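Undergrad: Below you will find the structure I want to go over with you.
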Amino acid sequence: MICKGPLTPAQLASSQHNYHIFSLINGLSYMCLGETVLILLAVRLGCPDYIVSTLGAMIYFGFLLLPLGKVVTARAGAAKSQSIFWVARNAAALLVALAAVVSISGMPRTATALLLAGAFFFYGFRAAGVVMSQPLVGNITNEKDRAKVIGVNAGFFYLSCLAALVTISILLKLCDSLAMLTGIVVAGALLGFTASRFINRICETEAIRDSARKPIAGEFRLLFHDKSLLRLLASGFAVNLAVIMLIPISMLALKRGCGVSDTEALLFALAQFGASAGASFLSGRISNTIGPRRTLLYSYLLLLGAGVLWVIAPSGFSPVYLTLPFLIAGATNVGTANSVTHYFLQTVPEEKRVAASMFIAVVNGAGAGIVGMLLAGVLLDRCTGIEADSPLTGYRLYFALSVLLLSAGIWVISRLTPLPPERRKIRKSWNETV
């Protein structure tokens with residue numbers, strides 16, 4: 001709902017509540033539809049590695065549909081726009097379920113095409129829906145409670161992901177089949193339709209809609225002269241590239257390098273999302289204490305460390321050891337994402353957030369998606385195609401080369417300007433909000 005003038009404390013509280021409920025239900029939905037289930041489904045359909053790596057990059061490649069979000073926001077506002085695209089997003093997920101049905105009918109190429117199309121539109125409509133999410137969060141929070149709201153909201157999302165993942169693991173333990181995976185996707189779509197109702201209840205000011213109505217080309221040209229924003233852009237690009245090249249391939253290495261079952265693979269995903277949930281509730285406190293720049297840098301270093309753990313992984317299946325890269329990936333994925341959002345909202349003025357959010361999303365979303373998809377696909381094809389005693393050897397080589405390439409991101413992130421204490425809202429402000 002669009003309101004004239006600033007939001008009242010009651011409207012802010014109500015909007016934050018609905019935002020949290022949306023994320024709680026959306027976490028259940030996403031776990032049934034996200035990259036973990038998509039990768040398991042792709043492996044079940046017999047898709048080659050380069051197709052699987054493409055699915056991992058679709059979350060960023062889908063940002064090509066992002067301009068649709070500006071068009072709808074200019075008419076209906078940020079919250080209503082996200083609600084509309086969330087319905088479209090979950091409708092697209094049903095194409096993924098259809099891929100399984102087509103595969104059973106003996107048309108594997110058509111099934112693969114449907115899987116890729118469903119994933120693209122699923123993530124594409126998501127991109128169109130969330131392009132205004134950063135301005136919307138800035139609209140329903142203030143500097144005092146912003147870091148806490150971001151962290152708690154992410155925590156609700158990952159906690160519900162955990163609950164969904166436990167349920168999915170039990171279901172696949174009872175019936176590990178393509179039909180069960182397809183049913184899980186359909187259930188996720190239905191939950192997604194439900195989540196859209198809560199995002200639609202969020203109150204917002206006219207600022208986002210009015211900003212979305214402005215011609216974007218001129219604002220983009222001005223952003224090219226903002227050195228601080230360009231450094232954040234480069235840092236976000238490095239982070240997204242690392243996420244694309246390391247996290248989805250970890251699940252692929254586990255499945256094809258170690259030969260684990262779907263149920264066993266989901267247990268490792270459970271560890272990953274558990275770490276994400278824990279890190280979410282801590283991220284606000286950490287970011288307020290040491291600043292979003294340091295939080296981002298340290299999280300990125302740890303994410304590269306997860307890749308190093310795959311490089312030195314033992315040839316035999318070692319459940320305890322292999323849990324470590326998933327725990328680190330889960331925690332650092334949240335740490336990097338929340339830090340980028342926090343830094344963005346603390347450094348970009350409200351009147352520039354719509355244009356800046358779109359600018360960053362296009363470059364860091366579609367740009368990192370395309371580059372990451374190509375790099376991961378080429379490296380996987382070369383590395384896993386070599387003859388070796390262990391199926392894991394090719395994946396070790398892949399992670400070694402990926403970490404080497406991604407190390408340049410350390411320098412990129414370190415060039416971000418540290419925020420002064422008063423803009424970080426360090427310990428004093430945190431204590432006032434809890």
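The values are calculated or read from the model by the stated rules, or taken from the named source; none is laboratory data. Everything numeric here is computed off the predicted structure, so don't read it as measured data. Methodologically, a virtual Cβ is constructed for each residue, glycine included, from the backbone with ideal geometry; neighbour enumeration extends over all protein chains shown. The accessibility values were calculated without ligands, DNA or RNA, using every heavy atom of the protein model including side chains. Shrake-Rupley method; radii C 1.70, N 1.55, O 1.52, S 1.80 Å.
Undergrad: State which helices in the chain qualify, where a helix is a whole DSSP H run, it must extend 27 Å or more along its own axis by its Cα atoms, and its mean Kyte-Doolittle hydropathy must be at least -1.0.
TA: Helices passing the filter in the chain: 9-33, 78-104, 108-130, 146-174, 178-199, 227-252, 262-290, 292-311, 319-347.
Undergrad: With charges set only on the Cβ (+1 for Lys and Arg, -1 for Asp and Glu), what does the dipole of the stretch 1-213 come to about its Cα centre, in debye to the nearest 20?
TA: That gives the stretch 1-213 a dipole magnitude of about 400 debye.
Undergrad: Filter K144/K227; K173/K255; K70/K227; K70/K214; K4/K144; K148/K352 down to the pairs with a C-alpha to C-alpha distance above 18 Å, please. The partial results should precede the final answer.
TA: On the way: K144/K227 26 Å; K173/K255 16 Å; K70/K227 24 Å; K70/K214 10 Å; K4/K144 23 Å; K148/K352 23 Å.
Exceeds cut-off: K144/K227; K70/K227; K4/K144; K148/K352.
Undergrad: Roughly how many debye, to the nearest 20, is the charge dipole of the stretch 253-352 about its Cα centre, given +1 on each Lys and Arg Cβ, -1 on each Asp and Glu Cβ, and no other charges?
TA: Computed charge dipole of the stretch 253-352: roughly 200 debye.
Undergrad: Go through S105, I21, A74 and say which Cα lies farthest out towards the positive end of the charge dipole of the stretch 1-110; charges sit on Cβ, +1 for Lys and Arg, -1 for Asp and Glu.
TA: A74
Undergrad: Just to confirm, what accessible area per residue do you get for the chain at 1.4 Å probe, in whole Å²? Kindly include the intermediate steps, with their values, before the conclusion.
TA: Details: 16980 Å² over 434 residues.
On a per-residue basis, 39 Å².
Undergrad: Take the Cα coordinates of the chain, assign each an equal point scatterer, and use the Debye formula without solvent to give log10 I(q)/I(0) at q = 0.07, 0.09, 0.10, 0.11 Å⁻¹.
TA: Log10 of I(q)/I(0), two decimals: -0.31, -0.53, -0.66, -0.81.
Undergrad: Shifting gears a bit: Of the accessible area of the chain, with the probe set at 1.4 angstrom, what percent is carbon plus sulfur?
TA: In the chain, the share of accessible area belonging to carbon and sulfur is 67 percent.
Undergrad: Whole Å is fine, so just give me how far the alpha carbon centre of the stretch 61-119 lies from that of the stretch 146-182.
TA: Rounded to whole Å, the Cα centres lie 20 Å apart.
Undergrad: While we're looking at this one, here's another question. Cα centroids of the stretch 342-384 and the stretch 10-46: how far apart, whole angstrom?
TA: If you average the Cα positions of each part, the centres end up 20 Å apart.
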